[in-house]
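Undergrad: Starting off with a structure, shown below.
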Amino acid sequence: MEIERKFLVDLPENIKNFPHKHFVQGYLSANPTVRVRDEAGEYFLTYKGAGMLAHEEYNLPLTQESFEHLLNKADDTIIEKTRYFIPYSENEKKYTIELDIFEKELAPLIVAEVEFETVDDAKQFIGPEWFIEDVTEDRRYKNAYMSKFGKPE
């Protein structure tokens, strides 16, 4: 089970100080969500169930050859982004903010995701001052949706 919230953010000034990876991902299906992803040389096929805040998610490893073959079958826009991993503590709980800076057709969109162990933790989370708007329930900010319809206006 994946439990996550998404936020629009102001870009932190010290972003380059945090570890990061370049991602390339394509969607084979939007409903259910089936995605292939290159995470800086690690390749995965992912299935995501229905749901916005909480949903089932399964990742299977792929070879580079399998990834490239499946990526060629992807629908619509191939998403490229750089993800920064930012540690954050709140109320004695430790989180990792995954800050995505989208490239090409989806630039200059920046979205932060935070994963949680429980739905209650997710609902109680406030986030740092540079979090502008919670877009967890807005389907326009799902990567599968953006691959088909582009950047939300």
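The values are calculated or read from the model by the stated rules, or taken from the named source; none is laboratory data. Being a predicted model, the structure only gives us computed values, none of them experimental. Here the Cβ positions follow ideal geometry from the backbone for every residue, glycine too, while neighbour counts run over all protein chains shown. Accessible surface is based on the protein model in full, side chains and every heavy atom, while ligands, DNA and RNA are left aside. Shrake-Rupley method; radii C 1.70, N 1.55, O 1.52, S 1.80 Å.
Undergrad: Assuming a viscosity of 0.890 mPa s and a temperature of 25 °C, what translational diffusion coefficient in µm² per second does Stokes-Einstein assign to region 80-134, Rh being the Kirkwood radius over Cα pairs?
TA: 200
Undergrad: Relative contact order for region 1-127 using alpha-carbon pairs under 8 Å, separation at least 6, rounded to a whole percent? It would help to have the intermediate numbers written out before the result.
TA: Working: 260 pairs, mean separation 36.1, N = 127.
Value for region 1-127: 28 percent.
Undergrad: Starting from the amide H of GLU90, placed 1.01 Å from N in the peptide plane, find each other amide H under 5 Å away whose residue is 5 or more places distant or on another chain.
TA: Amide H neighbours of GLU90, under 5 Å, 5+ apart: TYR95.
Undergrad: While we're here: Say the cut-off is 30 Å between C-alpha atoms; which of LYS73/LYS94; LYS93/LYS151; LYS73/LYS123; LYS73/LYS151; LYS21/LYS142 go over it?
TA: Long pairs (Cα-Cα over 30 Å): LYS73/LYS94; LYS93/LYS151; LYS73/LYS123.
Undergrad: Between GLU13 and ASN31, what length comes free when the chain is fully extended (0.36 nm per residue of separation minus the Cα-Cα distance, one decimal in nm)?
TA: 2.8 nm
Undergrad: Still on this structure, please answer the following. Mind listing the long-range amide H neighbours of MET52? Cut-off is under 5 Å, sequence gap 5 or more, other chains count too, H placed in the peptide plane at 1.01 Å from N.
TA: It is none; the list stays empty.
Undergrad: Separate question: Give the residue list of GluC sites (Glu not before Pro) in region 100-152 that are DSSP loop and have at most 11 other beta-carbon atoms within 10 angstrom.
TA: GLU117, GLU129, GLU137
Undergrad: Ok, one more. For region 104-120, what does the Karplus curve 6.51 cos²θ - 1.76 cosθ + 1.60, with θ = phi - 60°, yield as ³J(HN,Hα) per residue in whole Hz, taken in order and with x for Gly and Pro?
TA: With the stated coefficients, region 104-120 comes to 6, 4, 9, 5, x, 4, 10, 10, 10, 10, 10, 9, 10, 7, 9, 5, 4 Hz.
Undergrad: I'd like the per residue volume of the convex hull spanned by the Cα atoms of region 37-129, given in cubic angstrom.
TA: Enclosed volume per residue, from the Cα hull, is 130 Å³.
Undergrad: Okay, next question. Using unit Cβ charges (K, R positive; D, E negative) and no other charged atoms, how large, in debye to the nearest 20, is the dipole of region 24-143 about its Cα centre? Before the final figure, lay out each step's value.
TA: Working: 13 positive and 26 negative charges, 57 e Å.
Here region 24-143 has a charge dipole of around 280 debye.
Undergrad: In whole percent, how big is the carbon plus sulfur part of the accessible area of region 12-153, probe 1.4 Å, protein atoms only?
TA: Answer for region 12-153: carbon and sulfur cover 49 percent of the accessible area.
Undergrad: For the pair TRP130 and ILE78, how long in nm is the line joining their label points, each one 7 Å along Cα→Cβ?
TA: Inter-label distance under the simple model: 3.0 nm.
Undergrad: Keeping every protein chain in place, order LYS142, LYS123 by accessible area at 1.4 Å, biggest value first, i.e. largest first.
TA: Final ranking, largest accessible area leading: LYS123, LYS142.
Undergrad: For a quick check of understanding: with a 1.4 angstrom probe and all protein chains in place, what accessible area in square angstrom does TYR88 have, to the nearest ten?
TA: About 50 Å², ignoring ligands and nucleic acids.
Undergrad: Apply the Karplus parameterisation 6.51 cos²θ - 1.76 cosθ + 1.60, with θ equal to phi minus 60°, to every residue of region 41-57 and state each ³J(HN,Hα) to the nearest whole Hz, in sequence, with x for glycine and proline.
TA: Karplus values, whole Hz, x for Gly and Pro: x, 10, 10, 9, 10, 10, 10, 10, x, 5, x, 9, 6, 9, 7, 6, 8.
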